[in-house]
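K.L.:
Here it is, the structure in full.
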Amino acid sequence: MIDFEQLRIANVVRQMEWPGNEEADLAFRALEVADEAGEVMGAIKKLERARRGIAGSTLDLQDVAEELGDTMIALDLLANEIKCGPDEFAPSVELQASQSVQPVMEQALILDNMVGDLSFAAFLLLAAMSAEGDELKPREHVIQCMSRVLASLSGISETLGIDLGQAVAAKFNKTSERYGMATRFETARRPPSGALRND
Ligand SMILES: [Mg+2]
């Protein structure tokens, strides 16, 4: 399973060294989740192409794992943006994931719907923020939608036999290497707790 606490620490620490991070706001983070979830769906489609022998470009299980990792990382960055701790959107994941017994293609379609709901919830929160209205309910709605996306990602991982926690750590470190960032996802050692503060 995912070490949510470590993911948040790694994300916050890496964003400190990510050039232009201060320009990433709620709209950007929400779009990032939608984009990465779309890549999960694309990877599942191409995996299925390979499995069924349908002509066209194909991808393997490793590619799906990487996109699941990307989406999870983006989801946590969105949660961080609205000051939502992992404990607020992660608790009922395993219960929901265990209900996911549909074929992976069907789960991917459900993921599409869950992410659509999340995008719209983020839009409503943005509208409430710009209108200086009551942000409380829109924020709760975003968190509910994030929980459902997370459950969807867990279900897909389970069905495909992917260890989502491992996929997150591996893709986090691959991205750090690619962009020359020093932060690594480490499950054993942790930076001082002061590093967690982002406000
Ligand atoms: Mg990606």
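K.L.:
Determine which member of the set 77, 59 is farther than 30 Å from residue 127 by Cβ and surrounded by 15 or more Cβ atoms within 10 Å (Cβ to Cβ).
P.N.:
59
K.L.:
Another question about this same structure. With 48, 39 as the choices, which residue is surrounded by 15 or more Cβ atoms within 10 Å (Cβ to Cβ), in contact (Cβ under 8 Å) with a residue 40 or more places away in the chain, of a type in the set (Asp, Glu) and closer than 21 Å to residue 160 by Cα?
P.N.:
48
K.L.:
A further question follows. Report, ordered by the first and then the second residue, all pairs with beta carbons closer than 7 Å, sequence separation of six or more or different chains, a first member in the range 162-184 that is away from the ligand (no atom under 15 Å from the Cβ), and a second member that is among the charged types (D, E, K, R) and in a loop (DSSP other than H, G, I, E, B).
P.N.:
165/3
K.L.:
Could you name every one of the helices (runs of 4 or more DSSP H) located completely within the range 1-98 that has at least 2 residues being acidic (Asp, Glu) and away from the ligand (no atom under 16 Å from the Cβ)?
P.N.:
4-17, 86-89
Each row is one residue, and each column tells you yes or no for (1) modelled with pLDDT of 95 or more; (2) acidic (Asp, Glu); (3) surrounded by fewer than 17 Cβ atoms within 10 Å (Cβ to Cβ).
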{"site": "122", "(1), (2), (3)": "yes, no, no"}
{"site": "168", "(1), (2), (3)": "yes, no, no"}
{"site": "182", "(1), (2), (3)": "yes, no, yes"}
{"site": "190", "(1), (2), (3)": "no, no, yes"}
{"site": "193", "(1), (2), (3)": "no, no, yes"}
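The values are calculated or read from the model by the stated rules, or taken from the named source; none is laboratory data. The shown structure was predicted, so the numbers you read here are calculated from the model rather than taken from an experiment. Because the Cβ atoms are built from the backbone with ideal geometry, glycine has one as well, and the counts that use them run over all protein chains shown.
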